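A quick write-up on the structure given underneath.
The values are calculated or read from the model by the stated rules, or taken from the named source; none is laboratory data. Computed from a predicted model, the values in this text were never measured in an experiment. Every residue, glycine as well, gets a Cβ built from its backbone with ideal geometry; the counts of neighbours run over all protein chains shown. With ligands, DNA and RNA removed, areas are computed over all heavy atoms of the protein, side chains included. Shrake-Rupley method; radii C 1.70, N 1.55, O 1.52, S 1.80 Å.
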Amino acid sequence: MTPLITTQMTEVDRIAEHLRDAMARHRLTPGTVLREKELAMLYGCSRTVIQQVLIHLEELALVTRAAHRSAQVRTTTEEELDDVFTIWSTLDREALALLSGTLTPVNRQVLKDLLDTERRAHYQGHDMIRTQCSREFHEMLARRCPNRPLGDALMRVLVHVSALVVLFRTHGPASCYMEEDHQLLLEALIVDDADRVYQLGRDHIEGIRAQLSSRQPAPIDDVPTALRPLMSRL
C-alpha cells in the first residue's frame with residue numbers, strides 16, 4: 001500500500017498546520033484575534049516564529065494582518081463566497097476545456113496516485129491529508145493548463161477557495177468530499193469528453209459551494225483555552 005503523504009515539517013510549518021486544523025474544526029472561528037504573545041507562550045516558541053506562522057497563514061488567505069494590529073482569522077460574506085466561486089467556475093471551465101485530452105501518461109499516473117491517497121486519507125480519518133490532496137489535485141490541473149496566464153490566474157483563485165473551504169464549511173472537517181467527483185473528472189479529461197468535463201467540473205464546484213456558509217459562531221475570546229484540547233495533535 002502506498003503510504004500517506006509525509007513531509008519534513010519545520011516548527012513554523014507544524015504550528016501553521018495546527019492552527020489551520022483548529023480553524024477547520026471551528027475551534028478558531030472567523031474574526032478571532034490571534035495575539036503573538038499568547039500564541040508564543042502556548043506553543044513554547046519565540047514571537048518571531050509566530051510572526052512567520054501568521055505571515056504564512058496570510059499567504060494562504062486564512063488570516064488577515066494590518067499594521068499595528070493583531071492578526072485575525074479571515075471573515076467573509078455570502079457575496080464574497082459567491083464571487084470567488086463564480087470566478088473559480090469561469091476560469092476552471094476554460095482551463096479544463098484546454099486541458100482535456102492533453103494529459104501525458106505520467107500526468108495521469110501522478111493524478112491517479114494522488115486520488116488514491118485522497119480516498120484512503122478520507123476513510124482513515126486523516127482530514128488534513130485529504131484536503132491537501134484535494135487542493136493538490138486542482139492545483140496540478142491548473143499548472144498543466146496549456147494557457148499559462150489562465151493557469152496562473154486559476155492558481156491564485158484556488159488559494160482563496162482552499163481557505164474558504166477550511167473556514168466556512170458547515171458540516172465539519174469530513175465535508176466537501178464527494179468521493180467520485182475527482183475520479184470521474186480525471187477519466188473524462190483522459191478520454192477528451194469535453195461535454196462531460198464541463199458538466200462534472202461545474203457540478204463539483206456547485207457542490208462545494210453548497211456546503212459553505214458565512215454564518216459562523218462568534219469570534220473566540222480565549223484562544224489558548226480553545227486550542228489546548230488540540231495540543232496532542234501538534
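Give me the pairs: first residue in segment 24-50 and farther than 19 Å from A67 by Cβ, second residue basic (K, R) and open to solvent by 60 Å² or more (accessible area, probe 1.4 Å), beta-carbon distance under 8 Å, and six or more apart or on different chains, which are they?
A40/R47; L42/R228
Kindly indicate whether R156 is out of contact with any Gly (no Cβ under 6 Å at 6 or more places or on another chain), of a type in the set (D, E, K, R) and modelled with pLDDT under 95. Walk me through how you get there before you give the answer.
Numbers: out of contact with any Gly (no Cβ under 6 Å at 6 or more places or on another chain): yes; of a type in the set (D, E, K, R): yes; modelled with pLDDT under 95: no.
No, not satisfied.
Which one is surrounded by the most Cβ atoms within 10 Å (Cβ to Cβ), of the residues in segment 196-234 that are in contact with an Asp or Glu (Cβ under 6 Å, 6 or more places away or on another chain) and within 30 Å of A97 (Cβ to Cβ)?
If we take residues in segment 196-234 being in contact with an Asp or Glu (Cβ under 6 Å, 6 or more places away or on another chain) and within 30 Å of A97 (Cβ to Cβ), then G201 is surrounded by the most Cβ atoms within 10 Å (Cβ to Cβ).
Filter segment 108-133 for residues that are within 17 Å of M178 (Cβ to Cβ), surrounded by fewer than 17 Cβ atoms within 10 Å (Cβ to Cβ) and acidic (D, E) and give the result.
Correct list: D116 only.
Name the residues in segment 77-133 that are within 30 Å of Q216 (Cα to Cα), over 18 Å from the mean Cα position of the chain (by Cα), polar (S, T, N, Q) and part of a helix (DSSP H, G or I), would you?
Correct list: T90 only.
Using the structure shown, decide if A24 is more than 17 Å from S232 (Cα to Cα), of a type in the set (G, A, S) and crowded, with 17+ Cβ neighbours inside 10 Å.
No, not satisfied.
Among residues belonging to segment 56-76 that are more than 16 Å from the chain's Cα centre (by Cα) and either under 19 Å from V157 (Cβ atoms) or not aliphatic (A, V, I, L, M) (or both), point out the one that is most open to solvent (accessible area, probe 1.4 Å).
Of the residues in segment 56-76, the ones more than 16 Å from the chain's Cα centre (by Cα) are 64-72.
Keeping just the survivors that are either under 19 Å from V157 (Cβ atoms) or not aliphatic (A, V, I, L, M) (or both) gives 64-65, 68-70, 72.
On the way: T64: 68, R65: 103, H68: 191, R69: 163, S70: 59, Q72: 57 Å².
Here the residue is H68.
Could you please let me know if I15 is more than 25 Å from P229 (Cβ to Cβ) and under 19 Å from the mean Cα position of the chain (by Cα)?
So I15 fails the test.
Which one of E179, E136 is open to solvent by 50 Å² or more (accessible area, probe 1.4 Å) and under 11 Å from the mean Cα position of the chain (by Cα)? Please lay out each step first, then the result.
Working: E179 fails: under 11 Å from the mean Cα position of the chain (by Cα).
E136 is the lone residue from the list that is open to solvent by 50 Å² or more (accessible area, probe 1.4 Å) and under 11 Å from the mean Cα position of the chain (by Cα).
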